[in-house]
Amino acid sequence: MAKILIVDDEQRMRHLLSIILKKKGYEVEEAEDGMQAMDMLSSRPFDLVITDVKMPRMDGHALLRQIKKTGLNYPVVFISAFGTVESAVEAMRDGVMDFITKPFEQERVVLTVERILGMSRIIEENRELKKALNKFAAPDEIIHKSEAMQRTLDMAAHVANEESTVLIRGESGTGKELLAKYIHQAGPRAAGPFVPVNCAAIPQGLIESELFGHEKGSFTSASSKNVGKFEFSSGGTLFLDEIGDMPIEAQAKLLRVLQEKKIQRVGGRKEIDVDSRIVCATNQSLEELVTEGRFRSDLFYRINVFPIELPPLRERGQDVPILTRHFTQKFGGGQKINVTSGAMSLLSKYSWPGNVRELANVLERACILARKDGIIDEGMLSFLKIAPVNKNEFDFRLPPQGIDLEELELDMVEQAMEATNENQSAAARLLGLTRAKFRVLLKQYNEKRG
């Protein structure tokens, strides 16, 4: 649980705040002025500082300056009986996260603490994401050489400084989240949080709570108030991945938020202003989902303001060698790993249904096998089946005794899933089907085989 430092020269006020926050499960310590607070901050970590403004020896403003000067980087909330609009604005400019006036309502304090700690957590997660991103690519570049990828990055650079909603289209494993981070980092909101949400990974009943938050008691397991991703991402970018899998009920509420820039928590009545740049992504055909009634047409038009197509790896063959060098350096464990010409030829000819993610997995495995000799040869990649089918040359003749068409279809489904490492989109393409039609066959397959 988060650790909070309360700084106030009035013992009664410190005690009151401490009781309020301890009831919510927070760990609380107290200091009677800024000097004592700095001693405590220098000796042990805290997650949040709540400080009075007017205090002897070192007041709140001086404490804030000292915290920033020493690089402790703790979020600070001012609390004062002398609050004015001007003083609050000035405090915000100096780096205060929020400003609470006395006398205060208990609910106001709790909400502020939850919001600030939530923002701090997202910012810290964002720092870690940026570190992970730097392992894959420099902050301002994505590894590429092909013209197809350069065109995509040019499009992303054009829209980065705008507030328009972006829809990134591309197959699984092409790096849609990486491109979304690129847009975020290249734009004016780079200092704000980047908050990713995988719409397909959230249970249907929880998607609204995840996005908009919920009030305590709004549903059976809501034992406390929860701040949603829209509030966390305010001032930054909210990335909605796999948006085609969002339930239709949640789509209506998302559309309203995009139009009005306001949210309501589940179970709440108060409208909360949000300021998030929206970037969406999908590996599905939203147009088909609209036709099937599984995606709202008005939401589609709202998010499809600036579509960007992320090319699959098979259409950016020039990138395979430089990505291979990158991944062998990454997974080589400090050892120089060489790739033979035969192995590189095999990597370049493979269709990569799983795209860059699959290439990374294959090379991680190959690097483990190459630890002894430092060489990746063709034999280590023999499991990659280079067997493209020319559909124009496919000549099937019905045997005299006939066939079981249903059984043949299910067998083709099984083969396609095996050939694409369970990637439904890629399997559908192998069979020349839309993803929706392939899912019908896959469901039949699972029911019959299951």
What do you reckon, is Leu313 hydrophobic (A, V, I, L, M, F, W, C) and under 30 Å from Lys349 (Cβ atoms)?
yes
Residue check: is Leu430 closer than 24 Å to Leu289 by Cβ, outside the structural domain of Glu288 (by TED's automatic domain parsing) and modelled with pLDDT of 85 or more?
no
Is one or more of the residues making up region 142-151 among the basic types (Lys, Arg) and either in a helix (DSSP H, G or I) or at pLDDT below 90 (or both)?
yes
Can you pull out every residue in region 77-117 that is in a helix (DSSP H, G or I) and at pLDDT 80 or above?
Gln106, Glu107, Arg108, Val109, Val110, Leu111, Thr112, Val113, Glu114, Arg115, Ile116, Leu117
Identify the single condition in (1) surrounded by 15 or more Cβ atoms within 10 Å (Cβ to Cβ); (2) modelled with pLDDT of 90 or more that Ser341 does not satisfy, given that it satisfies every other one.
(1)
Of Ala200, Ala160, which residue is touching a helix residue (DSSP H, G or I) at 6+ places or on another chain (Cβ under 6 Å), farther than 22 Å from Gly118 by Cα, at pLDDT below 90 and of a type in the set (Gly, Ala, Ser)?
Ala200
Working only within region 185-196, note down all residues that are farther than 14 Å from Ser234 by Cβ and within 13 Å of the chain's Cα centre (by Cα).
Pro196
Considering His144, His184, which residue is in contact with a Phe, Trp or Tyr (Cβ under 6 Å, 6 or more places away or on another chain) and either of a type outside the set (D, E, K, R) or without any contact (Cβ under 8 Å) to a residue 12 or more places away in the chain (or both)?
His184
Pairs needed: first member in region 4-17, more than 15 Å from Thr101 (Cα to Cα); second member anywhere, among the hydroxyl-bearing types (Ser, Thr, Tyr) and part of a loop (DSSP other than H, G, I, E, B); C-beta distance under 7 Å; at least 6 residues apart or different chains.
Ile4/Tyr26
Subset of region 249-287 [over 19 Å from the mean Cα position of the chain (by Cα), within 30 Å of Pro311 (Cβ to Cβ) and surrounded by fewer than 20 Cβ atoms within 10 Å (Cβ to Cβ)]:
Leu255, Ser285, Glu287
Out of all the residues in region 42-56, which are surrounded by 21 or more Cβ atoms within 10 Å (Cβ to Cβ) and among the acidic types (Asp, Glu)?
Asp52
Test Thr220 against the stated conditions and say whether it is loosely packed, with under 13 Cβ neighbours inside 10 Å, farther than 17 Å from Val166 by Cβ and at pLDDT 90 or above.
no
Here's a check for you: in region 36-54, which residue that is touching a Pro at 6+ places or on another chain (Cβ under 9 Å) and part of a strand (DSSP E or B) is farthest from Ile79 (Cα to Cα)?
Leu48
Tell me, please, whether a residue that is out of contact with any strand residue (DSSP E or B) (no Cβ under 9 Å at 6 or more places or on another chain) and free of Cβ contacts under 8 Å to residues at least 24 places away in the same chain can be found in region 44-61.
no
Complete set of residues in region 18-33 that are under 16 Å from Asp47 (Cα atoms) and assigned to a helix (DSSP H, G or I)
Ser18, Leu21, Lys22
Please find, within region 356-405, the residue that is surrounded by the fewest Cβ atoms within 10 Å (Cβ to Cβ) out of those that are modelled with pLDDT of 75 or more and of a type in the set (Lys, Arg).
Lys372
For region 71-84, indicate whether the set of residues that are surrounded by fewer than 16 Cβ atoms within 10 Å (Cβ to Cβ), within 17 Å of Ile116 (Cα to Cα), among the polar types (S, T, N, Q) and without any contact (Cβ under 8 Å) to a residue 24 or more places away in the chain is non-empty.
yes
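The values are calculated or read from the model by the stated rules, or taken from the named source; none is laboratory data. What you see is a predicted model, and the numbers here were worked out from it, not measured in a lab. Cβ sites come from the backbone with ideal geometry, for glycine too, and all protein chains shown count toward neighbours.
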